[in-house]
Amino acid sequence: MEIKINSLDNIKEAAKEFVANMGNSKVFAFYGKMGAGKTTFIKAVCEELGVDDVITSPTFAIVNEYETGDGQSIFHFDFYRIKKLEEVYDMGYEEYFYGGSLCFIEWPELIEGLLPDDSKKVTIEEQPDGSRVVCF
């Protein structure tokens, strides 16, 4: 599936379409270059799912937990600063990835061997006109 985001003005509609097509998947691996809009899109998706918390990139914390309006947890990961897989083992990634909560992962390239087999690959690419295309 492909969703086009022409500008920040229509990111809410794109997030709504994404949520409507998530299916039963729980782990979403977001691929894209620096500045492609991964964090911005994940923020819009979380808001669409009813998160009222402040949503920021977990660049330094590695993982942020958000709560939806109905009390469900969403875990947002940013593995950009991971140096060794041991860091991911130490944080207990299995509890997150296999715990049944939604997981949105930025920079999954660095931990691909640890991703569940049923994780959903999501790519975000910036287009020459500045728009973004989300494929999953």
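The values are calculated or read from the model by the stated rules, or taken from the named source; none is laboratory data. Because the structure is a prediction, the values reported are computed rather than measured. Ligands, DNA and RNA are stripped out before the accessible areas are found, and what is left, the full protein with its side chains, is counted by its heavy atoms. Shrake-Rupley method; radii C 1.70, N 1.55, O 1.52, S 1.80 Å.
Quick look at the numbers
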item	result
Tilt relative to the chain, helix 38-48 - C-alpha long axis, 0 to 90 degrees, to 10	80 degrees
Heavy atoms of T123: accessible area, 1.4 Å probe, square angstrom to 10	40 Å²
Of all accessible heavy-atom area on the stretch 1-114, the percent that carbon and sulfur account for (1.4 Å)	47 percent
Surface accessible to a 1.4 Å probe, per residue, for the residues of the stretch 33-136, Å²	54 Å²
